[in-house]
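Please read the structure below before turning to the comments.
The values are calculated or read from the model by the stated rules, or taken from the named source; none is laboratory data. Because the structure is predicted, anything quoted here is derived from the model rather than measured. Positions of Cβ are backbone-derived with ideal geometry, glycine not excepted, and every protein chain shown enters the neighbour counts. To get the accessible areas, we keep the full protein, side chains included, count just its heavy atoms, and leave off ligands, DNA and RNA. Shrake-Rupley method; radii C 1.70, N 1.55, O 1.52, S 1.80 Å.
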Amino acid sequence: MSESALQPARVALVGNPNTGKTALFNALTGSRQKVANYAGVTVERKEGFITTAAGRSLSILDLPGTYSLRARSPDEAVTRDAVLGRLAGEAEPDVVVAVADATNLRLVLRLILELKAVGRPMVLALNMYDIAQRQGLRIDLEGLQRELGCPIVTTVATRKRGIAELTAKVDELVATGAISTTNVWHEPSAAEIRGAHREAQRILKAYVRPPEHPDTFTGKVDAVLLHPVAGLAILFALLFVMFQAVFAWATPLMDGIDAAFLWLGAAVGQALPDGLIKDFISDGVIAGVGSVLVFLPQILILFFFIILLEDFGYMARAAFLMDRIMGGAGLHGRAFIPLLSSFACAIPGIMAARVIDQKRDRMTTILVAPLMTCSARIPVYTLIISAFIPNETVGPGLNLQGLVMFGLYAAGILSALAVSFVIRKVFWRGAVEPFLMELPTYKLPSVESVFRNLLLRAQIFLNRAGRIILPLMVAVWVLSTFPGPPPGATEPAIDYSFAGMIGQAIQPLFAPIGFNWQMVVALIPGFAAREVAVAALGTVYAVGDAEANVGALGARLAQHWSLATGLSFLAWYIFAPQCAATLGVVKRETNSWAWTGVMFAYMTTLAYLASFTVYHLAVALGGG
Amino acid sequence: MFRSMHEMLAGQAVDAELTQLSQARPGDRGVIVDVRADHAGGHGVDVHELERRLLEFGFVEGAAFEIIHQGLIGADPIAVRLDDMRVALRRRDAEDVWVRLDPK
Ligand SMILES: Nc1nc2c(ncn2[C@@H]2O[C@H](COP(=O)(O)OP(=O)(O)O)[C@@H](O)[C@H]2O)c(=O)[nH]1
Ligand SMILES: [Mg+2]
């Protein structure tokens, strides 16, 4: 054999969505996985490495699910390009493993016929074989193997059954140097798709005997979960529990992380001599890392629910139930998941928009996702509410502060709906993309795969935090530290810094909405991440450690700001694109500065108009 | 009336029993007879693209179906059992699928 152990043979997993590709990928590669992005697109590239029993090293690629190589979304395009060897810097796979749900072969047979046209050596993994056996489904493996002209292995990915056989088959294909035939794949026409269906139907008839005990579980569960009324009620109850969990369970963890970083900052502060280096490490780096890490618990709890529901097969049902409700505003049912994630943080939300296969629907979702009240707004809202809204009861079980908080969330949701309605009218001239979606059978999620996936989310978040958010935090620190105050300065140091200069220079722009220059100064570091504005206000108003001391800062603000100004600041934060990381992700996802600019412009405009209206209304009503 | 429009566009005589999948109610079963996207415009994709997408999801002549669920507002979207799988789609996209309903 001439191929060296240094160049692993490349194996690609291809199949319909929900057939267990990822489960199979995990079973094959265990923890030897690497996640990155494909060049130019933000589709995740999951690669794992194994050594076969024969000592050969293989690189396994988990590709996004698809029904056809005729790609309709960026995810599917990656699958097509990977299979065809069109990806920049990537050779075509040496072996394609077609992954099929043994209980649902019809559509995958058509995909397999397309893969055969591509001509790479192929193995068919008939996954979910446990379910097939339980149902009494009979498949003539010998016959099917002959018919398709490729070896077949039955697998149960979640219990790691058939994995050794699968690697052995792949190994064999690589070892015998199975030759690819010429690639004759082209985008199938409608007539060709019909022909492939007939072919698939013929194959099914010849080699597969329908199950003796077909699955009735999914039908029974759907009778409840897809019930027009009960289904929606359950969906909303589920959302309620999720939000409770995100906010209630995460709080102690977040407090713990906060405390740990405060302690670390203080410890480093004591260990280092006074000066710029100390400031940089404890205020720039440690505080920066801390302010990002503090969101990890919320993001993980949210993703825990999302992964669980996705693996169970519920997410497609949620999209079904929400489609018409969101459709009224011009959003796709599938936008539900990204928008839901955006309540934790717009970044995973915008990335989750990839599940939407239509470009226009995806763009609309990305553009409105940052209007959802993300958790970084909570510290700002909490501060301003505690300073300006009296803590009184206004009705049975209704607290005024709580009511205002609710109003802020509602304002975010309603404005997102309104904006998507306008986007559809303005940019897409009212065109509505088709909505077609498979409703997978329900499956009990496997604990291992849920936790593996969760770990992956944590890794991705931390990675991004390190690479995008941290440098931004450092940049903001530099802006608000240099130049230092002159000797004998009486005002807080930030007043003399670049941030201070910028703030004072552009304050006239903000005067009509009632902002003083200190607020404008705080908005600049607040651009790194929304909640940083709290710390920045603490700095400009010289309240030490504002985040831990919200009461003192609130009291100070109540002294210096009018009620109208406070409310105007709240309105600003509903809409303003005060998050550089979000804009960065939008640029990457849309691959367009123009769309990023559109988002920045519309959010800033809305923020200004809202603050202007709120400020002048409040002044007119005597709140000036 | 949709029958005559279909006849006109498809340029062929159509069985009097045919109806659009978009008109079906939960519990209705039958067989798909004709998938022909000929409603120009409004779909955001051209008609041939819609036809191919429908075909790719298994809406193909000869497939047996049953409407199993529908949404709350406007009875939309619908969930269809197609042979051994389930697919959700909006009624407007189901207009291009012509079916023969089983007698009840
Ligand atoms: N019973 C059973 N469940 C499986 C098997 N393989 C995967 N699953 C489950 O099927 C669901 C979808 O699997 P996943 O790997 O996410 O599918 P993908 O969309 O193709 O990547 C998950 O809930 C898995 O736990 C299997 O062989 N048997
Ligand atoms: Mg997967």
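Worth a mention:
- Residue that is farthest from A:VAL43 (Cα to Cα) [pool: residues in the stretch A:581-609 that are hydrophobic (A, V, I, L, M, F, W, C) and open to solvent by less than 20 Å² (accessible area, probe 1.4 Å)]: A:ALA607
- Tally of residues being over 30 Å from B:VAL47 (Cα atoms), surrounded by 11 or more Cβ atoms within 10 Å (Cβ to Cβ) and not basic (Lys, Arg) across the stretch A:187-216: 7
- Of the numbered criteria (1) in contact with a helix residue (DSSP H, G or I) (Cβ under 6 Å, 6 or more places away or on another chain); (2) open to solvent by 20 Å² or more (accessible area, probe 1.4 Å); (3) touching a residue at least 60 places away in the same chain (Cβ under 8 Å), the one A:ALA71 fails is (3).
- Some residue of the stretch A:492-514 being touching a residue at least 40 places away in the same chain (Cβ under 8 Å) and at positive phi: yes
- Filtered residues of the stretch A:108-120 (kept if open to solvent by less than 40 Å² (accessible area, probe 1.4 Å) and either free of Cβ contacts under 8 Å to residues at least 12 places away in the same chain or away from ligand 2 (no atom under 16 Å from the Cβ) (or both)): A:LEU109, A:ARG110, A:ILE112, A:GLU114, A:LEU115, A:ALA117, A:VAL118, A:GLY119
- Flag if A:SER59 is touching a residue at least 12 places away in the same chain (Cβ under 8 Å), of a type in the set (S, T, N, Q) and more than 16 Å from ligand 1 (Cβ to nearest atom): yes
- Pairing each residue of the stretch A:234-250 that is closer than 17 Å to A:MET372 by Cβ with any residue that is not in a helix (DSSP H, G or I), provided the two are 6+ apart or on different chains, yields C-beta distances under 7 Å for A:VAL246/A:ALA344.
Conditions (1) farther than 23 Å from B:GLY74 by Cα; (2) of a type in the set (A, V, I, L, M, F, W, C); (3) part of a helix (DSSP H, G or I), marked per residue:
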{"residue": "A:GLU212", "(1), (2), (3)": "yes, no, no"}
{"residue": "A:THR218", "(1), (2), (3)": "yes, no, yes"}
{"residue": "A:PRO228", "(1), (2), (3)": "no, no, no"}
{"residue": "A:LEU238", "(1), (2), (3)": "yes, yes, yes"}
{"residue": "A:GLN244", "(1), (2), (3)": "yes, no, yes"}
{"residue": "A:ALA248", "(1), (2), (3)": "yes, yes, yes"}
{"residue": "A:MET254", "(1), (2), (3)": "yes, yes, yes"}
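- Residue tally, condition surrounded by fewer than 17 Cβ atoms within 10 Å (Cβ to Cβ) and either at pLDDT below 90 or within 16 Å of ligand 2 (Cβ to nearest atom) (or both), over the stretch A:411-443: 6
- Residue that is modelled with the highest pLDDT, among those in the stretch B:27-53 that are surrounded by 21 or more Cβ atoms within 10 Å (Cβ to Cβ) and more than 7 Å from chain A (Cβ to nearest Cβ): B:ILE32
- Single residue of the stretch A:217-230 satisfying the filter (surrounded by 13 or more Cβ atoms within 10 Å (Cβ to Cβ) and among the hydrophobic types (A, V, I, L, M, F, W, C)) that is farthest from the other protein chains (Cβ to nearest Cβ): A:VAL221
Residue by residue, here is whether (1) open to solvent by less than 40 Å² (accessible area, probe 1.4 Å); (2) within 16 Å of ligand 2 (Cβ to nearest atom); (3) more than 24 Å from A:LEU137 (Cβ to Cβ) holds:
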residue	(1), (2), (3)
A:VAL14	yes, yes, no
A:SER31	no, no, yes
A:ARG45	yes, yes, yes
A:THR51	no, no, yes
A:TYR67	yes, yes, no
A:LEU84	yes, no, yes
A:LEU87	yes, no, yes
A:GLU92	no, no, yes
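- Against the list (1) free of Cβ contacts under 8 Å to residues at least 40 places away in the same chain; (2) within 11 Å of chain A (Cβ to nearest Cβ); (3) open to solvent by 10 Å² or more (accessible area, probe 1.4 Å); (4) under 23 Å from A:ARG324 (Cα atoms), the condition B:GLN23 fails is (2).
- Looking only at residues of the stretch B:71-84 that are of a type outside the set (Gly, Ala, Ser) and crowded, with 20+ Cβ neighbours inside 10 Å, we find that the one that is nearest to the other protein chains (Cβ to nearest Cβ) is B:PRO77.
- Options A:GLY48, A:GLY20, A:GLY85; residue that is away from every other protein chain (no Cβ under 14 Å), away from ligand 1 (no atom under 16 Å from the Cβ) and modelled with pLDDT of 85 or more: A:GLY85
- For A:VAL184, the criteria (1) open to solvent by 70 Å² or more (accessible area, probe 1.4 Å); (2) of a type outside the set (Lys, Arg); (3) within 13 Å of chain B (Cβ to nearest Cβ); (4) under 38 Å from the mean Cα position of the chain (by Cα) hold in every case but one, which is (3).
- Number of the condition not met by A:GLN504 [criteria: (1) open to solvent by less than 50 Å² (accessible area, probe 1.4 Å); (2) modelled with pLDDT of 85 or more]: (1)
- Residue ID - farthest from ligand 1 (Cβ to nearest atom), chosen from residues in the stretch A:109-137 that are more than 21 Å from A:THR181 (Cα to Cα) and within 14 Å of chain B (Cβ to nearest Cβ): A:GLY136
- Evaluating A:ALA71 against the criteria (1) within 15 Å of ligand 2 (Cβ to nearest atom); (2) within 14 Å of another protein chain (Cβ to nearest Cβ) leaves one unmet condition, (1).
- Filter result (within 15 Å of ligand 1 (Cβ to nearest atom) and modelled with pLDDT of 80 or more) within the stretch A:31-45: A:GLN33, A:ARG45
- Residues of the stretch A:74-89 classified as without any contact (Cβ under 8 Å) to a residue 60 or more places away in the chain and of a type in the set (D, E, K, R), total: 3
- Scanning the stretch A:231-256 for residues that are open to solvent by less than 40 Å² (accessible area, probe 1.4 Å) and among the aliphatic types (A, V, I, L, M), we see that the one that is nearest to the other protein chains (Cβ to nearest Cβ) is A:LEU232.
- In the stretch A:147-171, the residues that are within 16 Å of ligand 1 (Cβ to nearest atom) and open to solvent by 50 Å² or more (accessible area, probe 1.4 Å): A:THR158, A:ARG159, A:LYS160, A:ARG161, A:ALA164, A:GLU165
- Filtered residues of the stretch A:266-325 (kept if away from chain B (no Cβ under 14 Å) and not in a helix (DSSP H, G or I)): A:LEU272, A:PRO273, A:ASP274, A:GLY275, A:VAL294, A:PHE295
- Criterion violated by A:ILE131 - all others in (1) farther than 26 Å from A:MET437 by Cα; (2) buried (at least 18 other Cβ atoms within 10 Å of the Cβ) satisfied: (1)
- Residue list for the stretch A:121-140, restricted to those being more than 16 Å from ligand 2 (Cβ to nearest atom) and under 25 Å from A:GLY85 (Cα atoms): A:PRO121, A:MET122, A:VAL123, A:LEU124, A:LEU126
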